[in-house]
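First comes the structure, then the notes that go with it.
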Amino acid sequence: MKKLNTQSPDFQTGLKALLAFETAQNPETERIVADICADVQKHGDAALIEYTNKFDQTNAKSIDDLILTQADLNAAFERIPNDIQTALQTAARRVESYHQRQKMESWSYTDEDGTLLGQQITPLDRVGIYVPGGKAAYPSSVIMNAMPAHVAGVKEIIMVVPTPKGERNDIVLAAAYVAGVTKVFTVGGAQAVAALAYGTETIPQVDKITGPGNAFVAAAKRRVFGVVGIDMVAGPSEILVIADGTTPADWVAMDLFSQAEHDEIAQAILIGTSQAYLDEVEAAMNRLIETMPRRDIIEASLGNRGAMILAKDLDEACEIANYISPEHLELSVENPQEWAKKIRHAGAIFMGRYTGESLGDYCAGPNHVLPTSRTARFSSPLGTYDFQKRSSLIQVSEHGAQKLGETASVLAHGESLTAHARAAEFRMK
């Protein structure tokens, strides 16, 4: 891992280099995705079947071979071990409870001239969630994407999940059952995103697409944005740990590993206020790496984008954290709630030495779909509010039309929009 010291004259240069990530879109990927999306938009189910057989090495004869029923989901739930059933149900219950508190409610008021003004909240009609499939299966992703939509009141939750070589993951399908997914189609890649965005003879068009995927899925989500809404185009996973030296070094080392094991371009950073403690964590990492099944990925991630930063104090550490704006921020310090007040930019803040980031990934309650690549400066975690819309309410009284009409008329004439002005003036006595 890279070593940085805030007292070094080249610290800012080093920090910027550490955070730099090539986000330029691959022209070849974009071309392939454009062709796939256009083909699915034009040929619907036929194109979807063709691409699914080609990329997933399946042998679907018709779209019916790519549909899973509620009975299929229920059967998958019944097949998995009891402890996994319980874990899924516990996670879903906690995620639901948290997201219930995010629901926006309609409101209105009547001003002094009798005009009613307000805001009406309604759920989206239909959403699509993309879930990785096959060996790279993430049942937690099902719960995190489907449950807030369910809480928001979305009537139809359509899940797409690839099944490479026909491999269906029972835990993923069980998670769909627990989270209240309406329909499941065993398709993936850019073709699945296109099907959700444009609709086919069988897959209905959705209003919004959420969920993670590979580069082709990300490119497809970018392409269809505007036709439908999307959650975000996420970058590599990130963790930043601020530690004051009171947390066991092994715990912090494993927290850093927990994000590094995602892939070779994930980022894990530790900020400490003691060189001795940073050395202790490094020693723990060198020891524990021997026990990691994904050792090669972890070592590549830490070597590519990992770092240990020595800060002069926790105030400085928090300012660095605000600049980094990480996806996951662990405040592994004494009095974490007080230090959290100094954090302005982070996807999720994990407070205290017992709050490991992995708990948030699965079952704490808040959503694990979080802004990456410094976008936490201006965006937020996925939540119930992402599946709700706001409509403004305006009901002008006769008395209010006189006062507002005069104002509107003056402004409309100022913009040389005569019809606007006349429409307001017609309602004036």
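Taking 0.36 nm per residue of separation and subtracting the Cα-Cα distance, what length does fully extending Gln402 through Asp250 add?
Details: separation 152, 0.36 × 152 = 54.72 nm, distance 7.13 nm.
Full-extension gain reported as 47.6 nm.
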Using a 7 Å offset from the Cα along the Cα-to-Cβ direction at both Asn304 and Thr122, what is the distance between the two label points in nm, to one decimal? 4.5 nm
Inter-label distance, nm, simple model (7 Å from Cα along the C-beta direction), Ala419/Asp35: 4.6 nm
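What share of Cα pairs, in percent, lie more than 16 angstrom apart in segment 237-290?
On the way: 514 of 1431 pairs.
I get 36 percent for the Cα pairs in segment 237-290 exceeding 16 Å.
Taking only Cα atoms of segment 56-144, what ratio of Rg to Rh do you get with Rh as the Kirkwood inverse-distance radius? Walk me through the numbers on the way to the answer.
Values: Rg = 20.9 Å, Rh = 17.7 Å.
Ratio value, two decimals: 1.18.
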Cα centroid separation - segment 98-152 against segment 39-53, whole Å: 30 Å
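Identify the trypsin sites (Lys or Arg not before Pro) of segment 139-236 meeting these criteria: DSSP loop state and at most 13 other C-beta atoms within 10 Å of the C-beta.
Values: sites: Lys155, Lys165, Arg168, Lys183, Lys208, Lys221, Arg222, Arg223; in loops: Lys155, Arg168.
Sparse-neighbourhood loop trypsin sites (Lys or Arg not before Pro): Lys155.
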Build a GNM of the chain with springs between Cα atoms under 10 Å: which of Phe257, Phe55, Phe77 gets the top mean-square fluctuation? Phe55
Between Val281, Val131, Val369, find the one with the highest GNM mean-square fluctuation for the chain; connect C-alpha pairs within less than 10 Å. Val281
Percent antiparallel among DSSP beta bridges (both partners in the chain, rounded to 5): 25 percent
For segment 18-71 the trypsin sites (Lys or Arg not before Pro) that pass both the DSSP coil test and the at-most-15 other-Cβ-within-10 Å test are Lys61
Taking the number of other C-beta atoms within 10 Å as the exposure measure, put Met428, Met285, Met144, Met232 in order starting with the fewest. Met428, Met232, Met285, Met144
Once you have the Cα-Cα distance between Arg344 and Ser379, take 0.36 nm times their residue separation minus that, and quote the gain in nm to one decimal. 11.4 nm
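Mind pulling up the Rg/Rh value for the chain? Radius of gyration and Kirkwood radius, both on Cα. Before the final figure, lay out the partial values.
Numbers: Rg = 25.3 Å, Rh = 24.1 Å.
Using only Cα positions, Rg/Rh for the chain is 1.05.
How much length, in nm to one decimal, is gained on full extension between Asn74 and Arg390, taken as 0.36 nm per residue of separation minus their Cα-Cα distance? Could you put the intermediate results ahead of the total?
On the way: separation 316, 0.36 × 316 = 113.76 nm, distance 3.49 nm.
110.3 nm is the gain from fully extending Asn74 to Arg390.
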Dipole magnitude of segment 235-377 about its Cα centre, charges +1 at Lys/Arg Cβ and -1 at Asp/Glu Cβ only, in debye to the nearest 20? 420 debye
Which whole-Hz ³J(HN,Hα) couplings does segment 313-320 yield from phi under the Karplus relation 6.51 cos²θ - 1.76 cosθ + 1.60, θ = phi - 60°, glycine and proline marked x? 7, 5, 4, 5, 4, 5, 5, 5
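Which net charge results for the neighbourhood of Gln120, defined as the other residues with beta-carbon distances under 12 angstrom from its beta-carbon, given Lys and Arg at +1 and Asp and Glu at -1?
Details: positive: Lys389, Arg390; negative: Glu105.
Once positives and negatives cancel, what remains is +1.
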Looking at the chain as a GNM with Cα springs under 10 Å, which of Ala71, Ala260, Ala47 has the largest mean-square fluctuation? Ala71
Once both labels are modelled 7 Å past Cα along the beta-carbon direction, what's the Phe426-Asp279 spacing in nm? 8.3 nm
Rg (one decimal) and Dmax (whole number) from the Cα set of segment 236-387, in Å, equal 14.5, 47
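Identify the chymotrypsin sites (Phe, Trp or Tyr not before Pro) of segment 375-414 meeting these criteria: DSSP loop state and at most 15 other C-beta atoms within 10 Å of the C-beta.
Numbers: sites: Phe378, Tyr385, Phe387; in loops: Phe378.
Answer by residue number: Phe378.
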What is the log10 of I(q)/I(0) for segment 1-100, computed with the Debye formula using one identical point scatterer on each Cα and no solvent, at q = 0.10, 0.17 Å⁻¹? -0.73, -0.92
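What ratio of Cα Rg to 2.2 N^0.38 Å holds for segment 311-355? Numbers along the way, then the final one.
Values: Rg = 9.5 Å, N = 45, 2.2 N^0.38 = 9.3 Å.
With N residues counted in segment 311-355, Rg over 2.2 N^0.38 Å equals 1.02.
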Given H placed 1.01 Å from N in the peptide plane, which residues other than close sequence neighbours of Lys208 have an amide H under 5 Å from its amide H? Gly128, Gly229
For segment 231-272 and segment 326-381, write down the distance between their C-alpha centroids in whole Å. 11 Å
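Once you list every other residue whose beta carbon is under 13 Å from the beta carbon of Cys318, what net charge do they have if Lys and Arg are +1 and Asp and Glu are -1?
After counting each charged neighbour, the total is -3.
Read the figures in this text as sums done on the coordinates, not as results from a lab. Please read these numbers as outputs of a predicted model, since none were measured by experiment. For neighbour counting, all protein chains shown are included, and Cβ atoms are generated from backbone atoms with ideal geometry for every residue, glycine included.
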